[in-house]
Amino acid sequence: MSQETTPILPILLKLARRTVQALSLLAVIFTVGMWVFLNFVGYHNPASAFLLFLPGWLWSIPVWLVLPLALMLDPKKSGIITLVVGLLYLGPLLGWRGSGAAPKAADAPGETLRVMTYNRGQAQGTSLQPFKLEHQPDVLALQDAGRRTDGYKNADGYREFTHVDGVGEFVLLSKHPILRKDLLIYAQNGDTTRQAAVAARFEIEMATQRVAIYSVHLPTPRGMLQSERWGGFLWGILGVPGTDLAKKRHSRQAYWDGRLSLATQLAEAISKESLPYIVVGDFNTPALGTVYRTFAGSLQDSHQAAGSGYGYTFPGVTRNPAAFQQPWLRLDYVFADRRHWKVVSHVTEPDRGSQHRAVFAQLSFTP
């Protein structure tokens, strides 16, 4: 009497489906977990602080690797979930904004202010003029422009700005009168021997209102990032308290704590501003994590309000294959207080060989 054999193919398909379901779940947990780790831990750990500056799409690689199998073997569950998580991650979670119709200046209620910010350091011999002429800013805030105030006053390419003034490395070119300038200097972690001029505060007189403009340039982390790229950042994970490795973690954490303290002090000073205000410049921090939230939590980010795409501003020149030889960080921002301004439009300079791309925003004033 013959014995019936169980078909092997359905068993293999069931096993493959369960394996893909498990892999999809792990991929989703990893991608979402990395976003949470980077966004909410940020500068509070040397590992997350370092990883913040890598191309953000890297953390979605597991999702895209498992997605084809999930769509083939479990399309109604794992396939849909994995696809949705991947798209959400590469979309809004990484700061991508869809492009809408550009509003007309006539549609903006109240008096408008057209603002442009640019870190002119390492311009690589390129010119800001095409972008500036296209958008015609009323105010142009320049960082890394120390001792160039007189040069801009006399430059033919900037004759439209009738008022030019500077302090420290910061220069402001304006079509409105500049009434005041102050350099903002803070100590890192309360250590007065480690001070940094992180911003300049200017006051301008618009037709109906005096406005404060903060031009910001937080210190670059380039030296620390380069020294950590061979794995030093891992002490943020391996440096368990109570072990000898903890000392290596603490030395690195002190650096990131210092950067966070500068940003916190600046944000606290800005929060006490009595005039309508705008905060622009090179913050040297990605649009994710603790430092970004320190400012974006209470201010309007013009890219988030009216921008398109990712709005990446750095590095303008790169051969990094992981970033497809394109900028992968948004370090330069236009922020505005929520009480007095409506963001009408935002544009990031699309293509130039400068290390930083300029940023333009049009703002409408509300008394």
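The values are calculated or read from the model by the stated rules, or taken from the named source; none is laboratory data. Note that the structure is a prediction, hence the values are computed from the model and not measured. When we count neighbours, we look across all protein chains shown, and the Cβ atoms used for this are built from the backbone with ideal geometry, even at glycine. The accessibility values were calculated without ligands, DNA or RNA, using every heavy atom of the protein model including side chains. Shrake-Rupley method; radii C 1.70, N 1.55, O 1.52, S 1.80 Å.
Side notes on the structure shown:
- Of the residues making up the range 353-365, not a single one is modelled with pLDDT under 95, part of a loop (DSSP other than H, G, I, E, B) and open to solvent by 50 Å² or more (accessible area, probe 1.4 Å).
- Extreme residue, modelled with the lowest pLDDT, among residues of the range 181-219 that are open to solvent by 70 Å² or more (accessible area, probe 1.4 Å) and within 19 Å of VAL291 (Cβ to Cβ): ASN189
- So ALA246, is it crowded, with 16+ Cβ neighbours inside 10 Å, assigned to a helix (DSSP H, G or I) and free of Cβ contacts under 8 Å to residues at least 40 places away in the same chain: no
- For first residues located in the range 141-154 and assigned by the TED database to the domain that holds LEU218, partners that are in a helix (DSSP H, G or I) and surrounded by fewer than 23 Cβ atoms within 10 Å (Cβ to Cβ) and lie 6+ apart or on another chain with Cβ distances below 6 Å form the pairs TYR152/TYR158.
- In the range 1-91, counting only helices (runs of 4 or more DSSP H) that sit wholly within it, the ones holding 2 or more residues that are open to solvent by 80 Å² or more (accessible area, probe 1.4 Å) and under 30 Å from LEU245 (Cα atoms) span 8-40.
- The set of residues in the range 1-60 being free of Cβ contacts under 8 Å to residues at least 40 places away in the same chain and polar (S, T, N, Q) consists of SER2, GLN3, THR5, THR6, THR19, SER60.
- Only one of SER251, SER274, SER298 that is in contact with a helix residue (DSSP H, G or I) (Cβ under 8 Å, 6 or more places away or on another chain) and exposed (fewer than 15 other Cβ atoms within 10 Å of the Cβ): SER298
- Taken together, ALA141, ALA145 contain a single residue that is crowded, with 19+ Cβ neighbours inside 10 Å and at pLDDT below 95, which is ALA145.
- Tallying residues that are of a type outside the set (Gly, Ala, Ser), assigned to a loop (DSSP other than H, G, I, E, B) and closer than 13 Å to GLN143 by Cα within the range 154-210 yields 1.
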